[in-house]
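The values are calculated or read from the model by the stated rules, or taken from the named source; none is laboratory data. Keep in mind it's a predicted model, so treat the numbers as computed, not measured. Ideal geometry is used to build each Cβ from the backbone, glycine not excepted, and the neighbour counts take in all protein chains shown. Protein only, heavy atoms only, side chains kept; ligands, DNA and RNA dropped before computing areas. Shrake-Rupley method; radii C 1.70, N 1.55, O 1.52, S 1.80 Å.
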Amino acid sequence: MSIVILDPDGRHAPDYPGWLADSGRELRLLTGRAGEYAGFAEVRVVPRYALSAAVETGVLALARGGGVSAVVALDPADQIRAGGLRDFLGLPGQGRDAALALADSVEARAVLARAGVGVVRREEVRRVADLYWWAHQWGYPLVVRPRRGHAGQAPAELADEAGLRAFVRDRMPADPSVVPSLTVEPRTDGERHHGPGLPVTDAALAALPRHPGHPRAVEAVREADGRWLVLGVGYRPDARPARALVRAQAGLAPEPTDPDSTEVA
């Protein structure tokens, strides 16, 4: 049996063999960056890793060839991939639906809205006309973010129509048939709060899926009327030492020096 590790840039590759030395299983690495990787039974370098289905098909091929007992992924962009693979292969751990709630801001907003948690106004951008529509509805300034990625990922601010036109020219797909993976919202300048401690953030954390090895981040903002609303949620791999998260995803007991990897941020 093997533990399959998804690591887009190989940044943690030298550490995995030590972190998982007591697993009794072979380690197989899929990465987007070529290099010398010691301690792995197999290394597969996937060109255009972020966009390639060869990551998923590579894991499935490994499962057919000798069995896979766990899929490990620290990078937030790989959480949905890893969750879908666990579902398909019947492996324990976080599945795709739970991963979506932390990695996809549109899905996160829907989960929180169904639970009655107050969230900021945010809408999906599927075409250029969506940006103009929401600018008409809300006015400027607007904030455009990647739909999926790190919580709090740096946004683009559109101060006026000239800024919107420049964004469309420089950042939107030239092919109108290509659906961009973006969201848009009015800019909020109120006080920010990270983590638990407010009724709205505590409610958000209670509504979001919780799995060992997948720490969660939540951020709230105070509106002009004094209400606190959830601004964003996400998977936060920097919340605990990477070793603790990797061991939890692999189904191993934590090291004595590792904090509880299930604790939320």
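Rounded, prolate or oblate for the range 208-248? Axes are the square roots of the Cα gyration tensor eigenvalues, ordered a ≥ b ≥ c, and the cut-off for rounded is a/c under 1.5. Before the final figure, lay out each step's value.
Working: a/c = 5.57, a/b = 3.07, b/c = 1.82.
It comes out prolate by the Cα gyration axes.
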Checklist entry - Solvent-accessible area per residue for the range 162-265 at a 1.4 Å probe radius, Å²? => result 49
Item to check | Candidates ASP160, ASP225, ASP78, ranked by Gaussian network fluctuation over the chain, Cα under 10 Å, top entry | outcome: ASP225
Checklist entry - Where the centroid of each part is defined by its Cα atoms, how far is the range 8-56 from the range 198-240 in Å? => result 31
Checklist entry - Assuming R0 = 45 Å, what is the FRET efficiency of ALA253 and ARG171, from their Cβ-Cβ distance, to the nearest 0.05? => result 0.50
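Can you send over the carbon and sulfur percentage of the accessible area for the chain, probe radius 1.4 Å, protein chains only? Display every interim value, and only then the final one.
Details: 6510 of 12780 Å².
In the chain, the share of accessible area belonging to carbon and sulfur is 51 percent.
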Checklist entry - Along the three principal axes, how long is the range 1-159 when you take its alpha carbons, biggest first, rounded to the nearest angstrom? => result 57, 34, 25
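Diagonalise the Cα gyration tensor of the chain and give the resulting equivalent ellipsoid semi-axes, square root of 5 times each eigenvalue, largest first, whole Å. Let's see the in-between values first.
Values: eigenvalues 252, 105, 43 Å².
Each semi-axis is √(5λ); the values are 36, 23, 15 Å.
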Checklist outcome for this item: With only helices counted (DSSP H, runs n ≥ 4, each -39500 (n - 2.57)), the per-residue ellipticity at 222 nm for the chain, to the nearest 500, works out to -9000 deg cm²/dmol
Item to check | Choice from TRP228, TRP133, TRP19 with maximal GNM fluctuation in the chain (Cα, 10 Å cutoff) | outcome: TRP133
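Mind checking the dipole of the range 71-123: about its Cα centre, +1 per Lys or Arg Cβ, -1 per Asp or Glu Cβ, Debye to the nearest 20?
Details: 7 positive and 7 negative charges, 37 e Å.
The dipole magnitude comes to about 180 debye.
How much area per residue is accessible in the range 1-96 when the probe is 1.4 Å and only protein heavy atoms are counted (Å²)?
Working: 4400 Å² over 96 residues.
Ligands and nucleic acids excluded, the figure is 46 Å² per residue.
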Checklist outcome for this item: Out of HIS211, HIS12, HIS194, a Gaussian network model of the chain with alpha-carbon springs under 10 Å gives the largest mean-square fluctuation to HIS12
Next on the checklist: When 1/r is averaged over all different Cα pairs and the result inverted, which Kirkwood radius in Å belongs to the range 43-109?
Outcome noted: 12.5
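For the chain, what's the relative contact order in percent, using C-alpha pairs closer than 8 Å and at least 6 residues apart?
17
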Checklist outcome for this item: Counting sequence-distant residues (5 or more places) and residues on other chains, those with an amide H built under 5 Å from that of ASP15 are none
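May I ask for the equivalent-ellipsoid semi-axes of the range 182-250, computed as the square root of five times each C-alpha gyration tensor eigenvalue and listed largest first in whole Å? Spell out each step's value before the answer.
Working: eigenvalues 147, 32, 21 Å².
Three semi-axes, in Å: 27, 13, 10.
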Next on the checklist: Taking just the alpha carbons, could you work out the radius of gyration and Dmax for the range 75-146, both in angstroms?
Outcome noted: 15.6, 47
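Rounding to the nearest 20 debye, state how big the charge dipole of the chain is about its Cα centre with +1 on each Lys and Arg Cβ and -1 on each Asp and Glu Cβ. It would help to have the intermediate numbers written out before the result.
Working: 32 positive and 34 negative charges, 93 e Å.
My answer is approximately 440 debye.
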Item to check | Farthest positive-ward along the range 211-259 dipole, Cα basis, beta-carbon charges - from VAL218, GLY234, PRO254 | outcome: PRO254
